[in-house]
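**Student:** Here's a structure for you.
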Amino acid sequence: MWKKLLTQRPNGVARPYPLMVWMLLGAALLALVMLSSLLIGAGDISPAAAWQALLGQGHEEANFVIRELRAPRTLLGLITGAALGCAGALMQTLARNPLAEPGLLGVSAGSAFAVTVALLLGASSTTLSVYVAQAGALAGCLIVLSAARLNGVGNDPIRLVLAGATLSSLLLALTSLLLMFDQRTADEIRFWITGSVAGRDLATLKELLPSLALAAVLTLLIIRPLAALALGETMATNLGHKPGRIRFVAVIVVALLVGAATAMAGPIIFVGLVVPFIARTLVGADIRRYLWLCLVIGPIILISADTFSRIIVAPAELPLGVLTAMIGAPVLLAVVRANRLPRL
Amino acid sequence: MQVLPFQHHSLPLKGFWVLKSPRQGISLLVNKRALVVNLCLMLALGLAGTLSLAAGSVPLSATEVWLALLGKGDPLHELVVRELRLVRVLAGIGTGAAFAVAGCLMQTLARNRLATPGIIGIDNAATAFAVASVVGVGSALAPPAMSIVGAILATTLIFALAGGSGTQGYRFIVVGLGVGAIAGAVTQLVLSWVAIDTANAAFPWTIGSLNARSPDTLLLLAAGLTLGGIWAATLVRGLQALRVSESLPITLGFNSKRLRTQSLIVAVGLTGVAVAVAGPVGMVALLGPEIARLLCRHRGIPLLSSALAGALIMVLADLLGRLLLAPLEIPVGIITAVVGSPYLLWMLLNPNFRNQP
């Protein structure tokens, strides 16, 4: 009913989905979620004390917890969520498959595998992992998308997901095999490998800024051609775009985004599935519109999942991947159960 | 209309021996190829088992192993072989056979080679329940019972959710994937809920390992395997008809609904028992029947060959896991995943892939 009111004029003619309304609502919600992420935690700091610390009047301990622990975490959640949400949207448009998700299809697992190999070869975890993670994501992306272009696989969206999940589990098994070789590496990345935004160094973020900026520029450049590509290869060519080149750039962007997110927070699955799904439901299937909404919804989901992960098993913490799987798997079931899978 | 008289003549059966009792009352068809395959697999299993008993921090020769097994060897060797290593090898054989038989039944039932319990998430659910019971209840018998409950629940959920779409397509399997993901998350949730010691006790279940199994659970596994194996053997005739087409069992006078329910119960029960002992070593349920079908050239439903092949894979994978990084030990679940996933990928990406077993 409410959706009908928002999307149809009184005379029954469809009106454009109110993107701006949703963006404003999303931004308000995001601000709320970020605030609660700063205020709520497993420690002894009460929300009221945290609020005072935010205003600059708190005592020393509260100041430390807010500035040094919760603020970086929230910031990382913001950027990781936005990156994963956008990567999911781009990948789904690229594979023309509503189930194509970087985490599920093995892109994050490729990234994690590459980081593990690099650490095993003696790289230090603080300096090298960023670009290695992006290279690994690129490799995983290329494998899965070339599989999608194979005969028979591309026609069946669900078969591609199964293949991607298998690739993902293979890479995860290889990663844990490699970790057994080297205790030092294992200790270093054990927490990272389950996905979390806690206790990360903001230096990683600084290092990632150039590639994130590059990804943003490239996205703005290819978003119109991508929307044309969604209408079909022939249509895109007729409109003057080069499908091969668009795909190539989009793959690079996905790899940059997923690699950056994985370097920051470890492999987190299902976010790239849920975010575009919600965004498409709200503003329709045009990527030029719903990509903006992904930028807002991604952080909302990631930060609220992170906040919940702190309070569910307090004083311990739950790996973030557990919560995103709990949110994401039902969405996966909902998409798969639809009578006719939408072709993007 | 002319009614043809019923002609009694023996069909020329290539590749079978026909055994007949003198009074013509009973006759038996013996598949030559299956017989040879099964004998070879048993021989290989014996060899692999001996190797697995011999390898370890106290290396033994094959003769020493057999002497120790028969109770005539060195007391130290007897202790090592009979008390320490035998439980492990037997657990490997039992779980491998149980997984593979369950996989074979499931594949035939769903008429889909990909629909093994591990791939559709039943293993994960059984694991989640087993872990929850280890964490919650102290009894040694709780994990097997709970893992069977978990397997049944997951199966019901998957069939209910995939309801209208049938079991042949990929949709059914991705539903299982989703259910499996939820179950995996639940396992993690339970593990992070409890004290670190309890979590460590439950950890073997989450990756699949044959390390330090108690003889008690082994007895349970043996009982479950015997019961399930015999029950499955009585179902084979009906399932063979099901393999040809959905409606043939009804035409031949089988109770199709009961046949399906019973096969499903056996498959789920065997999976539950095997997970309770070894954790989710999912790929065995795919690889065992595939190897068996390949060796038997796709004739019938090779339950026995599947069981033997599954046991062989499990014992070999466990042996490999122990030798590869000795003295460190790689859980058997990781080895089977590394070996099995490429095969599954090849199945999925092969354009000429046939879904039906």
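**Student:** Scanning the range A:226-248 for residues that are among the hydrophobic types (A, V, I, L, M, F, W, C) and surrounded by fewer than 16 Cβ atoms within 10 Å (Cβ to Cβ), which turns out nearest to A:Thr93 (Cα to Cα)? If you could, list the steps in order and put the result at the bottom.
**Tutor:** Here is the first cut: in the range A:226-248, the residues among the hydrophobic types (A, V, I, L, M, F, W, C) are A:226-231, A:235-236, A:239, A:246, A:248.
This time we only want the ones that are surrounded by fewer than 16 Cβ atoms within 10 Å (Cβ to Cβ), so: A:231, A:235, A:239, A:248.
Working: A:Leu231: 10, A:Met235: 15, A:Leu239: 18, A:Phe248: 13 Å.
Ranking the candidates gives A:Leu231 first.
**Student:** Are any of the residues in the range B:90-113 closer than 22 Å to B:Leu47 by Cβ and among the charged types (D, E, K, R)?
**Tutor:** No, the range B:90-113 contains no residue that is closer than 22 Å to B:Leu47 by Cβ and among the charged types (D, E, K, R).
**Student:** For the range A:29-76, which positions are modelled with pLDDT under 80, crowded, with 20+ Cβ neighbours inside 10 Å and within 16 Å of A:Arg310 (Cα to Cα)?
**Tutor:** Answer for the range A:29-76, where residues must be modelled with pLDDT under 80, crowded, with 20+ Cβ neighbours inside 10 Å and within 16 Å of A:Arg310 (Cα to Cα): A:Gly41, A:Ile45, A:Ala50, A:Val65, A:Ile66.
**Student:** Might you check whether a residue that is at pLDDT below 90, farther than 27 Å from B:Ala128 by Cβ and in a helix (DSSP H, G or I) occurs anywhere in the range B:265-276?
**Tutor:** No, the conditions are met nowhere in the range B:265-276.
**Student:** Look through the range A:259-279, keep the residues that are more than 13 Å from every other protein chain (Cβ to nearest Cβ) and part of a loop (DSSP other than H, G, I, E, B), and return whichever of them is farthest from A:Met326 (Cα to Cα).
**Tutor:** Step by step, filter the range A:259-279, then rank; the result is A:Gly266.
**Student:** Just one of A:Gly298, A:Gly328, A:Gly284 is on the phi > 0 side of the Ramachandran plot and either of a type outside the set (Val, Ile, Thr) or touching a residue at least 24 places away in the same chain (Cβ under 8 Å) (or both); which is it?
**Tutor:** A:Gly284
**Student:** Looking at the range B:261-277, which of its residues are buried (at least 24 other Cβ atoms within 10 Å of the Cβ) and closer than 7 Å to B:Ile148 by Cβ?
**Tutor:** B:Gly272, B:Val273
**Student:** Filter the range B:43-64 down to residues that are crowded, with 18+ Cβ neighbours inside 10 Å and over 20 Å from B:Met314 (Cα atoms), then give me how many there are.
**Tutor:** Keep residues of the range B:43-64 that are crowded, with 18+ Cβ neighbours inside 10 Å, which gives B:45, B:48-50, B:52-54, B:56, B:60, B:64.
Narrowing the set further to residues that are over 20 Å from B:Met314 (Cα atoms) leaves B:60, B:64.
The qualifying residues number 2.
**Student:** Turning to a different aspect of this structure: Going by the structure shown, is A:Ala316 over 18 Å from the mean Cα position of the chain (by Cα) and of a type in the set (Gly, Ala, Ser)?
**Tutor:** The answer is yes for A:Ala316.
**Student:** Taking A:Ser46, is it within 21 Å of the chain's Cα centre (by Cα) and among the hydroxyl-bearing types (Ser, Thr, Tyr)?
**Tutor:** On the way: within 21 Å of the chain's Cα centre (by Cα): no; among the hydroxyl-bearing types (Ser, Thr, Tyr): yes.
No, not satisfied.
**Student:** Which of (1) assigned to a loop (DSSP other than H, G, I, E, B); (2) closer than 17 Å to A:Gly298 by Cβ is the odd one out, the single condition A:Gly56 does not satisfy?
**Tutor:** (2)
**Student:** Of the residues that make up the range A:187-209, is at least one modelled with pLDDT of 85 or more and either surrounded by fewer than 22 Cβ atoms within 10 Å (Cβ to Cβ) or of a type in the set (Gly, Ala, Ser) (or both)?
**Tutor:** There is at least one residue in the range A:187-209 that is modelled with pLDDT of 85 or more and either surrounded by fewer than 22 Cβ atoms within 10 Å (Cβ to Cβ) or of a type in the set (Gly, Ala, Ser) (or both).
**Student:** Anything in the range B:333-347 that is surrounded by fewer than 22 Cβ atoms within 10 Å (Cβ to Cβ) and at the interface with chain A (Cβ under 7 Å from one of its Cβ atoms)? List them, or say none.
**Tutor:** B:Val338, B:Pro342, B:Leu345
**Student:** Determine whether B:Ala128 is at pLDDT 80 or above, of a type outside the set (Asp, Glu) and closer than 21 Å to B:Phe203 by Cα.
**Tutor:** Numbers: at pLDDT 80 or above: yes; of a type outside the set (Asp, Glu): yes; closer than 21 Å to B:Phe203 by Cα: yes.
So B:Ala128 passes the test.
**Student:** Provide a single number: the residues in the range A:285-325 that are of a type outside the set (S, T, N, Q) and more than 27 Å from A:Ala255 (Cβ to Cβ).
**Tutor:** 10
For every residue, the table says whether it meets (1) closer than 25 Å to B:Thr234 by Cβ; (2) surrounded by fewer than 23 Cβ atoms within 10 Å (Cβ to Cβ); (3) among the basic types (Lys, Arg).
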residue: B:Gly279; (1), (2), (3): no, no, no
residue: B:Val284; (1), (2), (3): yes, no, no
residue: B:Gly288; (1), (2), (3): yes, no, no
residue: B:Ala307; (1), (2), (3): yes, no, no
residue: B:Ile313; (1), (2), (3): no, no, no
residue: B:Ala317; (1), (2), (3): no, no, no
residue: B:Gly321; (1), (2), (3): no, no, no
residue: B:Leu324; (1), (2), (3): no, yes, no
residue: B:Pro331; (1), (2), (3): no, no, no
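**Student:** Next question. Kindly indicate whether any position in the range A:286-306 is assigned to a helix (DSSP H, G or I) and within 10 Å of another protein chain (Cβ to nearest Cβ).
**Tutor:** No, because not a single residue in the range A:286-306 is assigned to a helix (DSSP H, G or I) and within 10 Å of another protein chain (Cβ to nearest Cβ).
**Student:** Take the residues of the range B:173-186 that are more than 7 Å from every other protein chain (Cβ to nearest Cβ) and crowded, with 24+ Cβ neighbours inside 10 Å: which is nearest to B:Leu348 (Cα to Cα)?
**Tutor:** B:Gly176
**Student:** With A:Ile268, A:Ile297 as the choices, which residue is surrounded by 24 or more Cβ atoms within 10 Å (Cβ to Cβ), in contact with a helix residue (DSSP H, G or I) (Cβ under 6 Å, 6 or more places away or on another chain) and within 27 Å of B:Ile120 (Cα to Cα)?
**Tutor:** A:Ile268
**Student:** Name the residue that is farthest from the chain's Cα centre (by Cα), counting only residues in the range B:15-61 that are among the aliphatic types (A, V, I, L, M) and in a loop (DSSP other than H, G, I, E, B).
**Tutor:** Selected residue: B:Ile26.
The values are calculated or read from the model by the stated rules, or taken from the named source; none is laboratory data. Keep in mind it's a predicted model, so treat the numbers as computed, not measured. Positions of Cβ are generated from backbone atoms using ideal geometry, with glycine treated the same way; all protein chains shown enter the neighbour counts.
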